[in-house]
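Written below as structure tokens is the structure these notes are about.
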Amino acid sequence: MIFLDNLINGLSLGSIYAIIALGYTMVYGIAKMLNFAHGDVIMIGAYIAFCGLQYWGLPPVIAILAAMAVCTLLGVTIEGLAYRPLRQATSLAVLITAIGMSYLLQNIALMIWGANPKSFPRTFINGASIRIGQLSISSATIWTILANIVIMVALTLFTAKTKMGKAMRCVSEDRGAAELMGINVNRTISMTFAIGSALAAIAGVLLCSSYPILQPTTGSMPGIKAFTAAVFGGIGSIPGAMIGGVLLGVIEIFGKAYISTELGDAIVFAVLIVVLLVKPTGLLGKPVREKV
Amino acid sequence: MKKVFALLMAACMLLSGVSALADEAVTLKIAHIGPTTGAAALYGLATLHGAEIAAQEINEANGAFKIELINEDDEHNVEKVINAYNAALDAGAQMILGTTTSKPCEAAGAQGYTDRVFFLTPSASSTAVIEDKDNVFQICFTDPNQGSASAQYIAEHGLGTKIAVIYNNADVYSTGIRDTFVAEAAEKGLEIVSETTFTDETTDFSVQVADAQNNGAEIVFLPMYYTPASLILKVAADKDFHPIFFGVDGMDGILGVEGFDTSLAEGVMLLTPFVATATDEKTVNFVTKYQKAYGEIPIQFAADAYDGIYILVAAAEKAGITSGMEPEEVCDLMIAAMQEISVDGLTGSMTWDESGAVTKTPMAATIVNGEYVFE
């Protein structure tokens, strides 16, 4: 019974990591860069949804759509202003820029919304829990898992079937060759950021529905853990992000429940180190062949 | 040499200027240091506003003392608090009302110990705040007292015997209260059935709550600030787990979180010396003025700081502090005076010993219909 309870808690936490990891993996897979500001775009999305619900009295679905719209715009702007000029720069420069962007977003949020934590309002997402015998599953968990599956399938179909999706895969495979074939690389990468950021808004709403405290640093720790999940599952692989996220959540909860609550975070990051040592490309990552 | 000179100066002033000074009110320059921005801003603003109300009352009364309040922001940060402390002294502060939160207060108090600056903290409650420092005094309970007082309260009022404790093991405030709570609980025959921890970054409390629930806890003791507490209440509600949640002063403020579903906090108890809905004359006067000035109901921290200004004035009167007296000189006089005075304030009757810890009776409030009520 306690085992099942913990398993459900783990799935619930893991599904949150998974949905954030999808954003990381999507951008990494196509633009080949680690967008460390992703966690903070999530935070901005959550704040916009919070404002929609709390101040403007919007219905939840409209508030989420508003958050998606703002985040999409934000993602494209960040990409255009900060990352595009560095397209030819070393990956280290881009990484540092992303970290800088992350702090910039946190401080902007601090300016606009202040430091006092806000509690995310109740919506249909965190309604009554569902009870099966003694077990209870919060409705936020069910929504998160559903959203994960829908997004994963939609993203897989999008990259496999649509013209833009094909362009994305081409850019991912060989940026130079894609450009020679007449693919607009900048537009493709912009589009990737637009999708990734819209997903961030959804992740933000789901994150804050499960853990309803909203402050400027809300996105950073889940962001780092989700990044771990993305690496665990194989960064760049969409199903990998999903599996990595869920597994990491279950590992974290089991570690806390059966080893020690004090070591929860340590266990999560130990997993990252072990994965990098044993299987550097992650569970579902494609092996990279180095040309010598 | 400087000290001797200062003493001589003081003696001369006393001999020659007594009659002249008596007519003119003494101006006390008091610096409030607390987090008026940052994660703990709710507390820093409360202590600042409470102090402002008291200062205004004293200034309007045209008595023997005038208060000049200086405010410095420490952002609840152990590095920034030193800057705030230096800025306060540069601005001419003679004594410090602060700092609001424990960790910064330990840092600033230690610096003040070296520099000989007097601190009266409204709400920093860890032992380390006053430990090995003769210059720091507290208005609130020291953490050990909060932990043992909570255990005493629970045992005396028969709230239950099976207790779960969830605490932040990265925070001295939380661990300090937990330690004495556990020790006192054992003496009172209360059984700790579950004990789990978390850190500052934790947002998922499902394991901690499940452990308390599966071990049949009747009371969950939460020695922490309100942010993690609000997440614990949410998880417990999702799991349909309804024990008595018992918090300490850090729980105060949970009802002020924007967007918080206050029904989650229904029935939560907390150890507090002040409840804004109490009907005694002092409380009503303070709450009315506070609401008029800042548009919100004061929390305990505000009441502590309000008392703080009055305590400083009472001690300054006893010590014979004069306008423009240097902080080093003020410090030693205030330390002696604090141990002699007894102040009957908003938060109870208080006396101090040389350790700097306060003595007063513990009281606990319950949240009913979104308001704190004394049983």
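The table below gives the values:
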read-out: Inter-label distance, nm, simple model (7 Å from Cα along the C-beta direction), residue B:318/residue A:134; value: 5.7 nm
read-out: Contour minus Cα-Cα distance for residue B:37 and residue B:61 (0.36 nm per residue); value: 5.5 nm
read-out: Rg/Rg_globular for chain B, with Rg_globular taken as 2.2 N^0.38 Å and Rg from C-alpha atoms; value: 1.02
read-out: Where Rh is the Kirkwood radius over Cα pairs, Rg/Rh for the protein assembly as shown; value: 1.04
read-out: Average beta carbon contacts from partner chains per residue of A:135-148, 10 Å cutoff; value: 1
read-out: Residues of the range B:262-284 with amide N under 19 Å of the 7 Å Cα→Cβ point at residue B:344; value: B:273-275, B:278-284
read-out: For the protein assembly as shown, size of Cβ-based charge dipole, Lys and Arg +1, Asp and Glu -1, in debye; value: 4100 debye
read-out: Under the span-like rule (Cα at least 18 Å along the axis, Kyte-Doolittle mean at least -0.5), DSSP H helices of chain A; value: A:2-31, A:38-54, A:60-78, A:91-113, A:139-161, A:185-210, A:220-233, A:238-254, A:264-278
read-out: Residue pairs, from the table A:163/A:286; B:162/B:188; A:256/B:162, whose Cα atoms sit over 18 Å apart; value: A:163/A:286; A:256/B:162
read-out: Residue B:32 long-range amide H proximity, modeled H, under 5 Å; value: B:70, B:71, B:72, B:97
read-out: Point-to-point label distance, residue A:103-residue A:184, nm (Cα→Cβ direction, 7 Å offset); value: 3.5 nm
read-out: Sites residue B:132 and residue B:201 - FRET efficiency at Förster radius 35 Å, r taken between beta-carbons, to 0.05; value: 0.70
read-out: Pairs from B:282/B:360; B:80/B:103; B:318/B:360; A:32/A:166 whose Cα-Cα separation, in the structure shown, is over 19 Å; value: B:318/B:360
read-out: Ordering of A:165-173, B:74-82 by burial proxy (mean other Cβ atoms within 10 Å per residue, highest first); value: B:74-82, A:165-173
read-out: R0 of 45 Å, Cβ-Cβ distance residue A:95-residue A:259: FRET efficiency to nearest 0.05; value: 0.85
read-out: The range B:144-272, Rg to Rh (Cα coordinates; Rh as Kirkwood inverse mean 1/r); value: 0.92
read-out: Helix B:80-90 axis, angle to chain B major axis (alpha carbon atoms, nearest 10°); value: 20 degrees
read-out: Gyration tensor (alpha-carbon) shape descriptor, the range A:1-99, a/c threshold 1.5; value: oblate
read-out: Under 12 Å, Cβ to Cβ, from residue B:362 - net charge with Lys/Arg +1 and Asp/Glu -1; value: -2
read-out: From phi via Karplus (6.51, -1.76, 1.60), per-residue ³J(HN,Hα) for the range B:294-304 in Hz, x at Gly/Pro; value: 10, x, 8, 7, x, 9, 3, 4, 5, 5, 4
read-out: Estimated FRET transfer efficiency (residue B:293, residue B:241; beta-carbon r; R0 51 Å; 0.05); value: 0.80
read-out: Loop sites in the range B:98-129: chymotrypsin sites (Phe, Trp or Tyr not before Pro), DSSP, at most 11 other Cβ within 10 Å; value: none
read-out: Exercise: per-residue mean of other protein chain Cβ atoms within 10 Å, B:206-215; value: 5
read-out: For A:219-229, mean number of other protein chain Cβ atoms within 10 Å; value: 1
read-out: Extension gain from residue A:163 to residue A:86, taking 0.36 nm per residue of separation minus the Cα-Cα distance; value: 25.1 nm
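Here, each number is a calculation from the coordinates, and none is a lab measurement. Not measured: the values here are computed from a predicted model. Note that we place each Cβ from the backbone using ideal geometry, even for glycine, and neighbour counts take in every protein chain shown.
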